[in-house]
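Participant: Handing you a structure now.
The values are calculated or read from the model by the stated rules, or taken from the named source; none is laboratory data. What you see is a predicted model, and the numbers here were worked out from it, not measured in a lab. Cβ: placed from backbone, ideal geometry, glycine included. Neighbour counts: every protein chain shown. Ligands, DNA and RNA are excluded from the accessible area calculation, which covers all protein heavy atoms including side chains. Shrake-Rupley method; radii C 1.70, N 1.55, O 1.52, S 1.80 Å.
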Amino acid sequence: MDFAFTATEESLRQEVRSFLASLPPGSQTDSEDSPNVALERALAANGWLTMAWPKEYGGRGATQMEQLIFKEELFEAGGTFDFLGVQLAGPTIMVHGSEEQKRAHLPRIARAETRWCQGFSEPGAGSDLASLQTRAVRDGDDYLINGQKIWTSNAHHADWILLLTRTDPEAPKHRGISMFVVDMKTPGITIRPLVQLTGVHGFNEVYFDDVRVPATNMIGELNRGWYAATTTLDFERSGIERNLVARRDWNRIFGLLGSEAMRPALQGRPATWRHQLADLHIAIEAGQWMARRVAYLQGKGLVPNYEASMSKTFNSELGQRVADFGVNVLGLAGQLRGSKYAPAEGVPAFRFLDARRLTIGQGTSEINRNIIATRGLGLPR
Ligand SMILES: Cc1cc2nc3c(=O)[nH]c(=O)nc-3n(C[C@H](O)[C@H](O)[C@H](O)COP(=O)(O)OP(=O)(O)OC[C@H]3O[C@@H](n4cnc5c(N)ncnc54)[C@H](O)[C@@H]3O)c2cc1C
């Protein structure tokens, strides 16, 4: 395996870095609970958001590695984007959608004109996703949808939802599921906020009450939605974001530990944290190569499965380790906000709380370890 970057890739890295540096200070970053649409549109205008997509759907026909380099630079600068559209819904439509669906949705995602959410989990269907109960029943040219989704990230900002429904309750559970794309403004959809322990409103409950959806909105074949869903889950676990977030947090802690403002708080404390800092940095480098390996395999036309689970599990647990280290080493000074004695403006404490979700969303660590055990190591179920 050869991971050396080419001259073209290095030049792309410089191009993205210079562009982000040229933006007004602060405009590269997101707030905690609302998207930075202006940044996404600016990135989209440069063709970067979906650069690995084919040109006819709004991409640049770039490689997966170039796409990854863009993300590395964006996260380094503090930014992010609507990955639910760009990395989940878009690629799923690309693989399983009709030509008409691709032309209707993909260019708009590429231009950052539409935002998406993922309606998979239900109160009784998380890890065991195939137990989902939201019903879609054929009614003329439409389907009528009734049921409830939960933990739906960004539903309150979304124009469209990628939705899993049960279309045949008599069939074995994996074979009676169909996938739809649904306009979030359709009558009968109610969104209720779920506020996380950080105080951020990131996800929601979404209720469907006789929601009428054209049959042409089905993605893939009737009762074969499970296969489309597994494609979405593979894409979901393939990203390098978790590693980049861990690196961003590490960089922040590193900067604080060396700062004048932290000097009084660190005085007289044993310096064992230096070793922990080094250990975490080694793990961040290793995790980055795991994530780059996933992009490398995608670039070879392969569909990383257990490799994506390895990267997801390692990097999300690493994110928690870095966040735990942050609150431990910065102590009370890392928790305070809004005072001259608050050198970190409470960010380490926020990151500690926020990192709890990393090992649950996109498949829990246990579920991903099951995948690594069975599909990676070939162990029996
Ligand atoms: C931040 C965040 C964002 C999310 N965003 C979305 C979203 O946008 N759309 C969406 O559809 N869902 C979303 N989810 C939901 C997420 O996919 C589920 O929370 C996750 O799949 C786990 O399901 P559950 O919460 O029902 O837990 P459960 O499945 O009830 O699991 C409970 C515990 O049992 C363990 N467990 C379950 N089965 C097994 C097994 N077979 N072997 C070993 N251990 C097992 C789990 O690992 C876990 O520790 C999000 C979750 C989080 C935290």
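Participant: From Cα pairs below 8 angstrom and at least 6 apart in sequence, can you work out the relative contact order of the chain, rounded to a whole percent?
Facilitator: Relative contact order for the chain comes out at 13 percent.
Participant: Still on this structure: Under unit Cβ charges (Lys, Arg +1; Asp, Glu -1), what dipole magnitude, rounded to 20 debye, does segment 81-222 have relative to its Cα centre? Don't skip to the end; give the middle numbers.
Facilitator: Working: 14 positive and 17 negative charges, 56 e Å.
About 280 debye.
Participant: Which percent of the accessible area of the chain is formed by carbon and sulfur heavy atoms (probe 1.4 angstrom)?
Facilitator: Ligands and nucleic acids excluded, carbon and sulfur give 54 percent.
Participant: What residue among 12, 23, 49 has the largest mean-square fluctuation in a Gaussian network model of the chain, using Cα springs under 10 Å?
Facilitator: Greatest mean-square fluctuation among the candidates belongs to 23.
Participant: Okay, next question. Could you calculate the contour length gain from residue 130 to residue 254, that is, 0.36 nm times the residue separation minus the distance between their Cα atoms, to one decimal place in nm?
Facilitator: Result for the pair: 40.3 nm of gain on full extension.
Participant: Could you tell me the accessible area of residue 317 in Å² (1.4 Å probe, neighbours in place), rounded to the nearest ten?
Facilitator: 50 Å²
Participant: Compute the accessible area per residue over segment 199-353, keeping the other protein chains in place, probe 1.4 Å, unit Å².
Facilitator: Here the per-residue accessible area is 46 Å².
Participant: Turning to a different aspect of this structure: Could you point to the residue in 201, 177, 347 farthest towards the positive end of the chain's charge dipole, with +1 and -1 charges on the Cβ of Lys/Arg and Asp/Glu respectively?
Facilitator: 347
Participant: For segment 115-160 and segment 246-291, compute the distance between their C-alpha centroids and round to whole Å.
Facilitator: 41 Å
Participant: Same structure again: Could you grab the relative contact order for segment 124-245? Cα pairs under 8 Å, six or more apart, rounded to a whole percent.
Facilitator: 28 percent
Participant: Let me ask another. Under 17 Å from a point 7 Å along the Cα-to-Cβ line of residue 339: which residues of segment 221-263 have their amide N that close?
Facilitator: 261-263
Participant: Moving on. Between residue 364 and residue 9, what length in nm is gained on full extension when 0.36 nm per residue of separation is reduced by their alpha carbon distance?
Facilitator: Result: 124.5 nm gained on full extension.
Participant: Between residue 375 and residue 356, what is the label-to-label distance in nm when each label sits 7 Å out along the Cα-to-Cβ direction?
Facilitator: Between residue 375 and residue 356, the simple spin-label model gives 2.9 nm.
Participant: So for segment 199-310, averaging the separation of alpha carbon pairs under 8 Å that are six or more residues apart and normalising by length, what relative contact order in percent results?
Facilitator: 35 percent
Participant: Hey, which of these cross-link pairs are over 26 Å Cα-Cα: 149/312; 149/300; 185/312; 102/300; 102/185; 71/173?
Facilitator: 149/300; 185/312; 71/173
Participant: How far apart, in nm, are two points set 7 Å out from the Cα along the Cα-to-Cβ line at residue 41 and at residue 230?
Facilitator: Using points 7 Å along Cα→Cβ, the separation is 4.1 nm.
Participant: If you add up the charges near residue 277, with Lys and Arg at +1 and Asp and Glu at -1, over every other residue whose beta carbon is less than 14 angstrom from its beta carbon, what do you get?
Facilitator: Result for the neighbourhood of residue 277: +1.
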